[in-house]
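Visitor: After the C-alpha coordinates below, expect a handful of questions from me.
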Amino acid sequence: MTTGHHIGRPIVVIEGVEKAFGAVTVLRDINMTVSTGETVCIIGPSGSGKSTLLRCINALAPVTKGSITVDGQQVNDPKLDKLALRRKVGMVFQQYNLFAHKTALQNVMMAPIHVLGQQRAEVEERARRLLAKVRLTGKENSYPGELSGGQQQRVAIARSLAMNPSVMLFDEVTAALDPETKKEVLVTIRELAGEGMTCILVTHEMGFAREVADHVYFTDGGLIVEDGPPADLLCAPRHERTRAFLDQVL
Amino acid sequence: MDVAQFFSWLNDAHGINFSIFYDPFDRDRFLAGLWTTVALSVICILASIALGIVGAWAQGAKSAVVRAVAQGYVQVFRNTPPLVQLAFFYFAFATLLPTVRDSFGGQAPLISSFGWAVISFSLFAGAFNVEIFRSGIEAVPQSTIEAAEALGYTRLGAYRHVILPLAIRVCLPALNNNLVNLVKTTTLAYAIGVPELLYAAAQIWSEVLNVREMMNVLLVTYIALVALLVAAMNKWERMMRVPGFGQ
Ligand SMILES: Nc1ncnc2c1ncn2[C@@H]1O[C@H](COP(=O)(O)OP(=O)(O)O)[C@@H](O)[C@H]1O
Ligand SMILES: [Mg+2]
(Lines give C-alpha, C1' and ligand atoms only; values in the text may rest on other atoms or scores of the structure.)
(Ligands and ions follow the chains in the order given, each with its own letter.)
Protein backbone atom coordinates (compact mmCIF):
# COMPACT_ATOMS: atom_id res chain seq x y z
CA MET A 1 0.00 0.00 0.00
CA THR A 2 1.34 3.41 -0.92
CA THR A 3 0.23 6.74 0.43
CA GLY A 4 -1.41 7.43 -2.90
CA HIS A 5 -0.41 11.07 -3.17
CA HIS A 6 0.75 12.82 -6.29
CA ILE A 7 4.31 12.07 -7.38
CA GLY A 8 5.88 14.85 -9.43
CA ARG A 9 9.15 15.67 -11.14
CA PRO A 10 12.54 14.24 -10.13
CA ILE A 11 14.06 16.27 -7.28
CA VAL A 12 16.99 14.15 -6.07
CA VAL A 13 18.95 12.55 -8.88
CA ILE A 14 21.93 10.36 -8.03
CA GLU A 15 24.03 9.09 -10.92
CA GLY A 16 27.01 6.76 -10.73
CA VAL A 17 27.99 7.90 -7.25
CA GLU A 18 31.09 6.48 -5.69
CA LYS A 19 32.37 7.37 -2.25
CA ALA A 20 35.66 6.33 -0.71
CA PHE A 21 37.20 7.10 2.66
CA GLY A 22 40.88 6.85 1.85
CA ALA A 23 41.41 3.40 0.37
CA VAL A 24 38.03 2.11 1.53
CA THR A 25 35.24 2.37 -1.03
CA VAL A 26 31.95 2.69 0.79
CA LEU A 27 29.58 3.44 -2.11
CA ARG A 28 29.96 2.08 -5.66
CA ASP A 29 27.91 3.15 -8.65
CA ILE A 30 24.80 4.31 -6.83
CA ASN A 31 21.92 5.40 -9.08
CA MET A 32 18.67 6.66 -7.65
CA THR A 33 15.97 9.11 -8.64
CA VAL A 34 13.54 10.49 -6.13
CA SER A 35 10.60 12.60 -7.29
CA THR A 36 8.71 15.25 -5.39
CA GLY A 37 6.15 13.81 -3.04
CA GLU A 38 7.76 10.40 -3.17
CA THR A 39 8.75 8.41 -0.10
CA VAL A 40 11.78 6.23 -0.60
CA CYS A 41 13.16 3.75 1.89
CA ILE A 42 16.71 2.47 1.91
CA ILE A 43 17.26 -0.79 3.73
CA GLY A 44 20.32 -2.93 4.12
CA PRO A 45 22.75 -4.37 6.61
CA SER A 46 24.78 -2.15 8.90
CA GLY A 47 27.90 -0.79 7.24
CA SER A 48 26.46 -0.99 3.74
CA GLY A 49 26.81 2.78 3.26
CA LYS A 50 23.25 3.98 3.88
CA SER A 51 24.22 6.84 6.21
CA THR A 52 27.05 7.82 3.92
CA LEU A 53 24.65 8.08 1.00
CA LEU A 54 22.33 10.40 2.95
CA ARG A 55 25.32 12.48 4.06
CA CYS A 56 26.40 12.80 0.42
CA ILE A 57 22.97 14.12 -0.56
CA ASN A 58 23.26 17.17 1.69
CA ALA A 59 27.02 17.56 1.17
CA LEU A 60 28.02 16.58 4.69
CA ALA A 61 30.34 14.18 2.88
CA PRO A 62 31.71 14.91 -0.62
CA VAL A 63 31.28 12.23 -3.25
CA THR A 64 34.38 10.75 -4.88
CA LYS A 65 32.81 10.17 -8.31
CA GLY A 66 29.48 10.63 -10.03
CA SER A 67 26.89 13.31 -9.56
CA ILE A 68 24.07 14.23 -7.22
CA THR A 69 21.60 16.98 -7.99
CA VAL A 70 18.96 18.29 -5.63
CA ASP A 71 16.27 20.37 -7.28
CA GLY A 72 18.66 21.04 -10.15
CA GLN A 73 21.53 22.08 -7.89
CA GLN A 74 24.75 20.13 -8.43
CA VAL A 75 25.81 18.94 -4.96
CA ASN A 76 29.36 17.97 -5.99
CA ASP A 77 30.09 21.39 -7.52
CA PRO A 78 33.26 22.76 -5.91
CA LYS A 79 31.55 26.18 -5.74
CA LEU A 80 28.47 24.67 -4.12
CA ASP A 81 26.22 27.13 -2.30
CA LYS A 82 25.88 24.96 0.79
CA LEU A 83 23.27 27.16 2.41
CA ALA A 84 21.02 27.00 -0.65
CA LEU A 85 21.34 23.21 -0.63
CA ARG A 86 20.70 22.83 3.07
CA ARG A 87 17.63 25.03 2.94
CA LYS A 88 16.20 22.46 0.55
CA VAL A 89 17.28 19.36 2.45
CA GLY A 90 16.33 18.63 6.05
CA MET A 91 18.03 15.84 7.94
CA VAL A 92 17.06 13.90 11.06
CA PHE A 93 19.60 11.68 12.79
CA GLN A 94 19.50 8.50 14.83
CA GLN A 95 20.81 10.29 17.93
CA TYR A 96 18.42 13.31 17.58
CA ASN A 97 21.38 15.70 18.01
CA LEU A 98 19.32 18.45 19.58
CA PHE A 99 21.13 21.48 20.96
CA ALA A 100 21.20 20.57 24.65
CA HIS A 101 21.49 24.17 25.89
CA LYS A 102 18.27 25.30 24.25
CA THR A 103 14.62 24.50 24.92
CA ALA A 104 12.50 22.56 22.45
CA LEU A 105 11.04 25.80 21.12
CA GLN A 106 14.45 27.46 20.83
CA ASN A 107 15.84 24.40 19.04
CA VAL A 108 13.16 24.83 16.39
CA MET A 109 13.63 28.60 16.18
CA MET A 110 17.42 28.82 16.05
CA ALA A 111 18.27 28.05 12.44
CA PRO A 112 15.53 30.19 10.82
CA ILE A 113 16.73 33.14 12.91
CA HIS A 114 20.50 32.58 12.73
CA VAL A 115 20.79 31.12 9.26
CA LEU A 116 17.90 32.68 7.36
CA GLY A 117 17.69 35.92 9.35
CA GLN A 118 13.94 35.66 9.71
CA GLN A 119 11.91 37.72 12.17
CA ARG A 120 11.77 36.23 15.66
CA ALA A 121 8.03 36.74 16.18
CA GLU A 122 7.10 35.11 12.92
CA VAL A 123 9.57 32.24 13.50
CA GLU A 124 8.20 31.64 16.97
CA GLU A 125 4.67 31.39 15.71
CA ARG A 126 5.71 28.86 13.10
CA ALA A 127 7.84 26.93 15.62
CA ARG A 128 4.87 26.61 17.99
CA ARG A 129 2.73 25.34 15.13
CA LEU A 130 5.39 22.79 14.18
CA LEU A 131 5.72 21.55 17.75
CA ALA A 132 1.94 21.19 17.86
CA LYS A 133 2.09 19.26 14.59
CA VAL A 134 4.55 16.75 16.09
CA ARG A 135 2.27 16.59 19.18
CA LEU A 136 4.57 18.37 21.58
CA THR A 137 2.30 21.19 22.71
CA GLY A 138 3.17 21.90 26.33
CA LYS A 139 6.81 20.84 25.91
CA GLU A 140 7.94 24.10 24.30
CA ASN A 141 10.01 25.14 27.29
CA SER A 142 11.50 21.75 28.13
CA TYR A 143 15.18 21.17 27.53
CA PRO A 144 16.27 18.11 25.51
CA GLY A 145 17.56 16.51 28.71
CA GLU A 146 14.05 16.62 30.11
CA LEU A 147 12.43 14.89 27.13
CA SER A 148 12.14 11.21 26.21
CA GLY A 149 13.96 9.92 23.15
CA GLY A 150 10.78 9.92 21.10
CA GLN A 151 9.96 13.47 22.15
CA GLN A 152 13.48 14.62 21.33
CA GLN A 153 13.28 13.00 17.93
CA ARG A 154 10.02 14.80 17.19
CA VAL A 155 11.61 18.10 18.21
CA ALA A 156 14.41 17.26 15.78
CA ILE A 157 11.85 16.70 13.02
CA ALA A 158 10.14 20.01 13.81
CA ARG A 159 13.55 21.70 13.85
CA SER A 160 14.25 20.45 10.33
CA LEU A 161 10.78 21.38 9.09
CA ALA A 162 11.25 24.95 10.36
CA MET A 163 13.67 25.51 7.49
CA ASN A 164 10.89 24.63 5.01
CA PRO A 165 12.86 21.91 3.22
CA SER A 166 11.76 20.30 -0.02
CA VAL A 167 13.31 16.96 0.89
CA MET A 168 13.66 15.26 4.26
CA LEU A 169 16.35 12.70 5.02
CA PHE A 170 15.78 10.35 7.94
CA ASP A 171 18.71 8.23 9.09
CA GLU A 172 17.46 5.34 11.25
CA VAL A 173 15.54 7.85 13.33
CA THR A 174 13.78 5.19 15.40
CA ALA A 175 16.75 2.87 15.92
CA ALA A 176 17.57 4.28 19.36
CA LEU A 177 13.97 4.28 20.59
CA ASP A 178 11.95 1.75 22.53
CA PRO A 179 8.89 0.27 20.77
CA GLU A 180 6.42 2.62 22.45
CA THR A 181 8.16 5.87 21.54
CA LYS A 182 9.10 4.49 18.13
CA LYS A 183 5.45 4.61 17.21
CA GLU A 184 5.02 8.33 17.96
CA VAL A 185 7.89 9.15 15.65
CA LEU A 186 6.73 6.83 12.88
CA VAL A 187 3.24 8.36 13.05
CA THR A 188 4.78 11.80 12.61
CA ILE A 189 6.80 10.69 9.59
CA ARG A 190 3.82 8.95 8.04
CA GLU A 191 1.78 12.14 8.33
CA LEU A 192 4.57 14.09 6.75
CA ALA A 193 4.82 11.65 3.86
CA GLY A 194 1.05 11.73 3.52
CA GLU A 195 1.14 15.50 3.15
CA GLY A 196 3.38 15.10 0.14
CA MET A 197 6.79 15.82 1.68
CA THR A 198 9.57 14.12 -0.27
CA CYS A 199 11.18 11.70 2.18
CA ILE A 200 14.25 9.52 1.95
CA LEU A 201 14.34 7.14 4.88
CA VAL A 202 17.01 4.76 6.02
CA THR A 203 15.17 2.33 8.24
CA HIS A 204 15.10 -1.12 9.74
CA GLU A 205 11.34 -0.92 10.25
CA MET A 206 10.21 -3.22 7.46
CA GLY A 207 6.52 -2.95 8.34
CA PHE A 208 6.77 0.81 8.23
CA ALA A 209 8.69 0.75 4.96
CA ARG A 210 6.03 -1.41 3.41
CA GLU A 211 3.32 0.93 4.59
CA VAL A 212 4.76 4.32 3.61
CA ALA A 213 7.32 3.70 0.87
CA ASP A 214 6.64 4.26 -2.79
CA HIS A 215 9.96 2.65 -3.62
CA VAL A 216 12.46 0.60 -1.63
CA TYR A 217 16.19 0.17 -2.26
CA PHE A 218 18.18 -2.66 -0.76
CA THR A 219 21.88 -1.88 -0.38
CA ASP A 220 24.71 -4.17 0.55
CA GLY A 221 28.45 -3.61 0.41
CA GLY A 222 28.01 -0.11 -1.03
CA LEU A 223 25.87 -1.34 -3.94
CA ILE A 224 22.18 -1.16 -4.67
CA VAL A 225 21.44 -4.86 -4.93
CA GLU A 226 17.84 -4.38 -5.98
CA ASP A 227 15.03 -1.89 -5.82
CA GLY A 228 11.33 -1.80 -6.50
CA PRO A 229 7.92 -1.15 -5.02
CA PRO A 230 7.75 -2.36 -1.41
CA ALA A 231 5.24 -5.08 -2.18
CA ASP A 232 7.68 -6.66 -4.64
CA LEU A 233 10.96 -6.09 -2.91
CA LEU A 234 9.87 -6.90 0.61
CA CYS A 235 7.57 -9.79 -0.22
CA ALA A 236 9.16 -11.32 -3.28
CA PRO A 237 12.81 -10.31 -3.45
CA ARG A 238 14.64 -11.37 -6.56
CA HIS A 239 18.11 -11.59 -5.05
CA GLU A 240 19.45 -14.11 -2.63
CA ARG A 241 21.17 -11.41 -0.55
CA THR A 242 17.94 -9.45 -0.18
CA ARG A 243 16.13 -12.57 0.88
CA ALA A 244 18.83 -13.42 3.42
CA PHE A 245 18.69 -9.90 4.86
CA LEU A 246 14.91 -9.89 5.10
CA ASP A 247 14.88 -13.31 6.73
CA GLN A 248 17.23 -11.95 9.32
CA VAL A 249 15.30 -8.78 10.19
CA LEU A 250 11.72 -9.97 9.90
CA MET B 1 35.90 55.51 68.90
CA ASP B 2 35.78 55.10 65.13
CA VAL B 3 37.89 52.75 63.03
CA ALA B 4 40.74 55.21 62.49
CA GLN B 5 40.88 56.05 66.18
CA PHE B 6 40.91 52.36 67.08
CA PHE B 7 43.85 51.53 64.79
CA SER B 8 45.70 54.65 65.88
CA TRP B 9 45.25 53.53 69.50
CA LEU B 10 46.28 49.95 68.58
CA ASN B 11 49.54 51.31 67.21
CA ASP B 12 50.19 53.63 70.17
CA ALA B 13 49.27 51.12 72.84
CA HIS B 14 50.55 47.84 71.35
CA GLY B 15 52.82 48.76 68.43
CA ILE B 16 50.55 46.90 65.97
CA ASN B 17 50.61 49.31 63.05
CA PHE B 18 47.84 49.08 60.46
CA SER B 19 48.65 52.53 59.12
CA ILE B 20 46.32 52.19 56.14
CA PHE B 21 43.33 52.41 58.49
CA TYR B 22 44.24 55.70 60.11
CA ASP B 23 46.81 57.43 57.92
CA PRO B 24 44.99 58.96 54.89
CA PHE B 25 48.20 58.99 52.83
CA ASP B 26 48.83 55.26 53.32
CA ARG B 27 45.15 54.51 52.87
CA ASP B 28 45.06 56.27 49.52
CA ARG B 29 48.22 54.54 48.33
CA PHE B 30 46.75 51.20 49.33
CA LEU B 31 43.39 51.89 47.66
CA ALA B 32 45.17 53.02 44.50
CA GLY B 33 47.07 49.70 44.54
CA LEU B 34 43.85 47.78 45.11
CA TRP B 35 42.18 49.61 42.24
CA THR B 36 45.13 48.88 39.95
CA THR B 37 45.01 45.17 40.83
CA VAL B 38 41.26 45.05 40.23
CA ALA B 39 41.57 46.87 36.90
CA LEU B 40 44.49 44.68 35.83
CA SER B 41 42.58 41.52 36.81
CA VAL B 42 39.32 42.47 35.12
CA ILE B 43 40.97 43.55 31.86
CA CYS B 44 43.17 40.44 31.76
CA ILE B 45 40.24 38.12 32.57
CA LEU B 46 38.17 39.52 29.70
CA ALA B 47 41.08 39.64 27.26
CA SER B 48 42.26 36.12 28.14
CA ILE B 49 38.74 34.72 27.66
CA ALA B 50 38.54 36.42 24.27
CA LEU B 51 41.98 35.01 23.37
CA GLY B 52 40.84 31.57 24.50
CA ILE B 53 37.73 31.71 22.33
CA VAL B 54 39.60 32.94 19.27
CA GLY B 55 42.55 30.60 19.85
CA ALA B 56 40.37 27.52 20.27
CA TRP B 57 38.63 28.45 17.04
CA ALA B 58 41.99 28.93 15.30
CA GLN B 59 43.19 25.53 16.50
CA GLY B 60 40.42 23.96 14.44
CA ALA B 61 40.85 26.26 11.43
CA LYS B 62 41.11 24.94 7.88
CA SER B 63 44.39 26.78 7.24
CA ALA B 64 47.47 24.91 8.49
CA VAL B 65 49.24 28.24 9.03
CA VAL B 66 46.52 29.52 11.35
CA ARG B 67 46.54 26.25 13.26
CA ALA B 68 50.33 26.37 13.60
CA VAL B 69 50.27 29.96 14.88
CA ALA B 70 47.64 29.07 17.48
CA GLN B 71 49.57 25.98 18.53
CA GLY B 72 52.87 27.88 18.73
CA TYR B 73 51.30 30.59 20.85
CA VAL B 74 49.87 28.07 23.30
CA GLN B 75 53.15 26.15 23.60
CA VAL B 76 55.27 29.25 24.20
CA PHE B 77 53.03 30.84 26.80
CA ARG B 78 52.13 27.67 28.63
CA ASN B 79 55.65 26.35 28.92
CA THR B 80 57.58 29.42 30.07
CA PRO B 81 57.34 31.18 33.46
CA PRO B 82 54.99 34.18 33.47
CA LEU B 83 57.63 36.34 35.17
CA VAL B 84 60.05 35.61 32.32
CA GLN B 85 57.32 36.47 29.79
CA LEU B 86 56.66 39.76 31.57
CA ALA B 87 60.36 40.60 31.76
CA PHE B 88 60.78 39.69 28.11
CA PHE B 89 57.99 42.07 27.06
CA TYR B 90 59.08 44.88 29.35
CA PHE B 91 62.86 44.73 29.14
CA ALA B 92 63.51 43.12 25.77
CA PHE B 93 60.54 43.92 23.57
CA ALA B 94 59.42 47.34 24.80
CA THR B 95 62.81 48.91 24.06
CA LEU B 96 62.31 48.12 20.37
CA LEU B 97 59.19 50.26 20.22
CA PRO B 98 59.33 54.01 19.50
CA THR B 99 58.72 56.46 22.32
CA VAL B 100 56.14 59.22 22.31
CA ARG B 101 56.29 62.81 23.55
CA ASP B 102 54.51 63.09 26.88
CA SER B 103 52.52 66.08 28.17
CA PHE B 104 55.60 67.55 29.88
CA GLY B 105 57.60 67.52 26.64
CA GLY B 106 59.71 64.53 27.68
CA GLN B 107 59.94 61.09 26.06
CA ALA B 108 57.57 58.46 27.35
CA PRO B 109 57.34 54.81 26.33
CA LEU B 110 54.59 53.96 23.88
CA ILE B 111 53.15 51.36 26.24
CA SER B 112 53.21 51.86 30.01
CA SER B 113 54.28 49.18 32.46
CA PHE B 114 50.58 48.68 33.24
CA GLY B 115 49.99 48.17 29.53
CA TRP B 116 52.74 45.55 29.32
CA ALA B 117 51.34 43.76 32.34
CA VAL B 118 47.93 43.63 30.65
CA ILE B 119 49.44 42.27 27.43
CA SER B 120 51.68 39.77 29.16
CA PHE B 121 49.14 38.30 31.60
CA SER B 122 46.35 38.23 29.03
CA LEU B 123 48.56 36.21 26.69
CA PHE B 124 49.69 33.98 29.54
CA ALA B 125 46.20 33.17 30.84
CA GLY B 126 44.82 33.18 27.28
CA ALA B 127 47.13 30.30 26.32
CA PHE B 128 45.67 28.19 29.11
CA ASN B 129 42.16 29.30 28.17
CA VAL B 130 42.73 28.09 24.59
CA GLU B 131 43.44 24.61 25.92
CA ILE B 132 40.52 24.81 28.34
CA PHE B 133 38.07 25.85 25.63
CA ARG B 134 39.48 23.23 23.32
CA SER B 135 38.81 20.50 25.86
CA GLY B 136 35.24 21.82 26.09
CA ILE B 137 34.88 21.85 22.32
CA GLU B 138 36.18 18.30 22.09
CA ALA B 139 33.39 17.26 24.46
CA VAL B 140 30.76 18.51 21.97
CA PRO B 141 29.68 15.48 19.91
CA GLN B 142 30.63 15.60 16.24
CA SER B 143 27.05 14.60 15.44
CA THR B 144 25.71 17.75 17.13
CA ILE B 145 27.99 19.87 14.96
CA GLU B 146 26.82 17.93 11.91
CA ALA B 147 23.21 18.64 12.86
CA ALA B 148 24.02 22.36 12.93
CA GLU B 149 25.71 22.10 9.54
CA ALA B 150 22.74 20.22 8.13
CA LEU B 151 20.56 23.14 9.26
CA GLY B 152 22.66 25.49 7.17
CA TYR B 153 24.96 26.90 9.83
CA THR B 154 28.39 27.92 8.61
CA ARG B 155 31.39 26.76 10.61
CA LEU B 156 31.55 30.12 12.37
CA GLY B 157 27.80 30.19 12.98
CA ALA B 158 27.88 26.70 14.46
CA TYR B 159 30.85 27.68 16.64
CA ARG B 160 29.07 30.74 17.94
CA HIS B 161 25.58 29.40 18.49
CA VAL B 162 26.10 25.72 19.22
CA ILE B 163 29.67 24.61 19.90
CA LEU B 164 30.88 27.43 22.13
CA PRO B 165 27.77 27.62 24.37
CA LEU B 166 27.98 23.86 24.96
CA ALA B 167 31.77 23.89 25.38
CA ILE B 168 31.73 26.72 27.92
CA ARG B 169 29.32 24.79 30.11
CA VAL B 170 31.67 21.84 30.11
CA CYS B 171 34.82 23.81 30.85
CA LEU B 172 33.61 26.41 33.35
CA PRO B 173 35.24 24.68 36.35
CA ALA B 174 38.63 24.62 34.62
CA LEU B 175 38.18 28.21 33.46
CA ASN B 176 37.33 29.16 37.02
CA ASN B 177 40.65 27.72 38.24
CA ASN B 178 42.67 29.45 35.59
CA LEU B 179 41.10 32.85 36.24
CA VAL B 180 41.79 32.54 39.98
CA ASN B 181 45.36 31.78 39.01
CA LEU B 182 45.41 34.84 36.78
CA VAL B 183 44.33 37.16 39.60
CA LYS B 184 47.15 35.80 41.74
CA THR B 185 49.62 36.15 38.88
CA THR B 186 48.93 39.90 38.63
CA THR B 187 51.26 40.39 41.65
CA LEU B 188 54.16 39.71 39.26
CA ALA B 189 53.52 43.16 37.78
CA TYR B 190 55.38 44.36 40.88
CA ALA B 191 58.56 43.33 39.10
CA ILE B 192 58.13 46.00 36.40
CA GLY B 193 56.92 48.68 38.80
CA VAL B 194 53.19 48.59 38.18
CA PRO B 195 51.70 50.20 41.31
CA GLU B 196 49.36 47.30 42.11
CA LEU B 197 48.54 45.90 45.54
CA LEU B 198 51.85 44.23 46.33
CA TYR B 199 53.76 47.26 45.10
CA ALA B 200 51.66 49.63 47.24
CA ALA B 201 52.02 47.38 50.26
CA ALA B 202 55.78 47.15 49.84
CA GLN B 203 56.00 50.93 49.56
CA ILE B 204 54.07 51.31 52.77
CA TRP B 205 55.97 48.70 54.77
CA SER B 206 59.37 49.96 53.70
CA GLU B 207 58.50 53.44 54.96
CA VAL B 208 56.32 52.61 57.95
CA LEU B 209 58.22 49.45 58.86
CA ASN B 210 55.04 47.40 59.37
CA VAL B 211 55.90 44.39 57.21
CA ARG B 212 54.03 41.85 59.31
CA GLU B 213 50.81 43.90 59.42
CA MET B 214 50.89 44.67 55.69
CA MET B 215 51.54 41.02 54.83
CA ASN B 216 48.38 40.09 56.69
CA VAL B 217 46.45 42.83 54.94
CA LEU B 218 47.72 41.56 51.60
CA LEU B 219 46.71 37.96 52.28
CA VAL B 220 43.24 38.95 53.44
CA THR B 221 42.78 41.28 50.48
CA TYR B 222 43.71 38.58 47.96
CA ILE B 223 41.47 36.05 49.66
CA ALA B 224 38.63 38.56 49.39
CA LEU B 225 39.39 39.29 45.71
CA VAL B 226 39.52 35.61 44.80
CA ALA B 227 36.34 34.91 46.80
CA LEU B 228 34.61 37.65 44.83
CA LEU B 229 35.75 36.18 41.53
CA VAL B 230 34.72 32.66 42.53
CA ALA B 231 31.30 33.94 43.62
CA ALA B 232 30.87 35.68 40.26
CA MET B 233 31.95 32.53 38.38
CA ASN B 234 29.57 30.38 40.42
CA LYS B 235 26.77 32.75 39.62
CA TRP B 236 27.65 32.49 35.94
CA GLU B 237 27.72 28.70 36.21
CA ARG B 238 24.25 28.72 37.78
CA MET B 239 22.92 31.05 35.09
CA MET B 240 24.25 28.72 32.39
CA ARG B 241 22.91 25.57 34.02
CA VAL B 242 20.53 23.64 31.79
CA PRO B 243 18.13 21.03 33.22
CA GLY B 244 19.18 17.53 32.22
CA PHE B 245 22.53 18.59 30.77
CA GLY B 246 25.93 17.86 32.31
CA GLN B 247 26.53 17.28 36.03
N1 LIG C 1 34.04 9.33 8.17
C2 LIG C 1 34.38 8.06 7.85
N3 LIG C 1 35.66 7.72 7.71
C4 LIG C 1 36.00 6.44 7.37
N5 LIG C 1 35.13 5.46 7.18
C6 LIG C 1 33.81 5.73 7.32
C7 LIG C 1 33.37 7.04 7.66
N8 LIG C 1 32.02 7.03 7.73
C9 LIG C 1 31.63 5.78 7.45
N10 LIG C 1 32.71 4.99 7.19
C11 LIG C 1 32.67 3.57 6.82
O12 LIG C 1 31.82 3.44 5.74
C13 LIG C 1 31.07 2.24 5.81
C14 LIG C 1 29.60 2.57 5.67
O15 LIG C 1 29.17 3.30 6.80
P16 LIG C 1 27.71 3.86 6.94
O17 LIG C 1 27.41 4.72 5.79
O18 LIG C 1 27.61 4.47 8.27
O19 LIG C 1 26.86 2.52 6.87
P20 LIG C 1 25.37 2.26 7.35
O21 LIG C 1 24.73 3.57 7.65
O22 LIG C 1 24.75 1.54 6.22
O23 LIG C 1 25.47 1.40 8.55
C24 LIG C 1 31.41 1.60 7.13
O25 LIG C 1 32.33 0.57 6.88
C26 LIG C 1 32.07 2.70 7.90
O27 LIG C 1 33.05 2.18 8.75
MG1 LIG D 1 23.94 4.29 9.44
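The values are calculated or read from the model by the stated rules, or taken from the named source; none is laboratory data. Everything numeric here is computed off the predicted structure, so don't read it as measured data. Heads up, the Cβs are rebuilt from the backbone with ideal geometry, glycines too, and the neighbour counts pull from every protein chain shown. The area values use the complete protein model at the heavy-atom level, side chains included, leaving out ligands, DNA and RNA. Shrake-Rupley method; radii C 1.70, N 1.55, O 1.52, S 1.80 Å.
Visitor: Would you check if there is a residue in region A:84-91 being under 17 Å from B:Thr154 (Cα atoms) and within 16 Å of ligand 1 (Cβ to nearest atom)?
Guide: Scanning region A:84-91 turns up at least one residue that is under 17 Å from B:Thr154 (Cα atoms) and within 16 Å of ligand 1 (Cβ to nearest atom).
Visitor: Checking the condition in a helix (DSSP H, G or I) and open to solvent by 70 Å² or more (accessible area, probe 1.4 Å), which residue from B:Phe77, B:Phe104, B:Phe93 passes?
Guide: Being in a helix (DSSP H, G or I) and open to solvent by 70 Å² or more (accessible area, probe 1.4 Å) holds for just one of B:Phe77, B:Phe104, B:Phe93, which is B:Phe93.
Visitor: Out of region A:72-87, which residues are part of a loop (DSSP other than H, G, I, E, B) and under 18 Å from the mean Cα position of the chain (by Cα)?
Guide: Hit for region A:72-87 is A:Val75, nothing else.
Visitor: Moving on. Any chance you could count how many residues in region B:167-185 are more than 18 Å from A:Ala100 (Cβ to Cβ) and either open to solvent by 40 Å² or more (accessible area, probe 1.4 Å) or at the interface with another protein chain (Cβ under 10 Å from one of its Cβ atoms) (or both)?
Guide: 4
Let's see how each residue does on (1) among the acidic types (Asp, Glu); (2) more than 12 Å from ligand 1 (Cβ to nearest atom); (3) modelled with pLDDT of 95 or more:
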residue	(1), (2), (3)
A:Met1	no, yes, no
A:Ile7	no, yes, no
A:Glu18	yes, yes, yes
A:Gly22	no, no, no
A:Thr36	no, yes, yes
A:Thr39	no, yes, yes
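Visitor: Something else about it: Out of region A:88-111, which residues are part of a loop (DSSP other than H, G, I, E, B), at the interface with chain B (Cβ under 7 Å from one of its Cβ atoms) and within 16 Å of ligand 2 (Cβ to nearest atom)?
Guide: A:Phe93, A:Gln95, A:Asn97
Visitor: Out of everything in region B:116-144 that is at the interface with chain A (Cβ under 9 Å from one of its Cβ atoms) and part of a helix (DSSP H, G or I), what residue ends up being nearest to A:Cys56 (Cα to Cα)?
Guide: It comes out as B:Ser143.
Visitor: Among (1) touching a Ser or Thr at 6+ places or on another chain (Cβ under 8 Å); (2) open to solvent by less than 40 Å² (accessible area, probe 1.4 Å); (3) not charged (D, E, K, R), which single condition is B:Leu164 missing?
Guide: Failing condition for B:Leu164: (1).
Visitor: Need the failing condition index for A:Gly221 against (1) over 22 Å from A:Gln152 (Cα atoms); (2) open to solvent by less than 40 Å² (accessible area, probe 1.4 Å); (3) within 16 Å of ligand 2 (Cβ to nearest atom), just the number.
Guide: (2)
Visitor: Within region A:41-56, can you find the residues that are hydroxyl-bearing (Ser, Thr, Tyr) and either more than 14 Å from every other protein chain (Cβ to nearest Cβ) or more than 8 Å from ligand 1 (Cβ to nearest atom) (or both)?
Guide: Correct list: A:Ser46, A:Ser48.
Visitor: Might you check whether a residue that is open to solvent by 40 Å² or more (accessible area, probe 1.4 Å), aliphatic (A, V, I, L, M) and more than 17 Å from A:His215 (Cα to Cα) occurs anywhere in region A:186-204?
Guide: Yes: region A:186-204 contains one or more residues that are open to solvent by 40 Å² or more (accessible area, probe 1.4 Å), aliphatic (A, V, I, L, M) and more than 17 Å from A:His215 (Cα to Cα).
Visitor: Do you know which residues across region A:171-183 are buried (at least 20 other Cβ atoms within 10 Å of the Cβ) and touching a Gly at 6+ places or on another chain (Cβ under 6 Å)?
Guide: The one that is buried (at least 20 other Cβ atoms within 10 Å of the Cβ) and touching a Gly at 6+ places or on another chain (Cβ under 6 Å): A:Leu177.
Visitor: Go through (1) within 23 Å of B:Glu149 (Cα to Cα); (2) surrounded by 16 or more Cβ atoms within 10 Å (Cβ to Cβ); (3) more than 10 Å from every other protein chain (Cβ to nearest Cβ) one by one and return the number of the condition A:His114 breaks.
Guide: (3)
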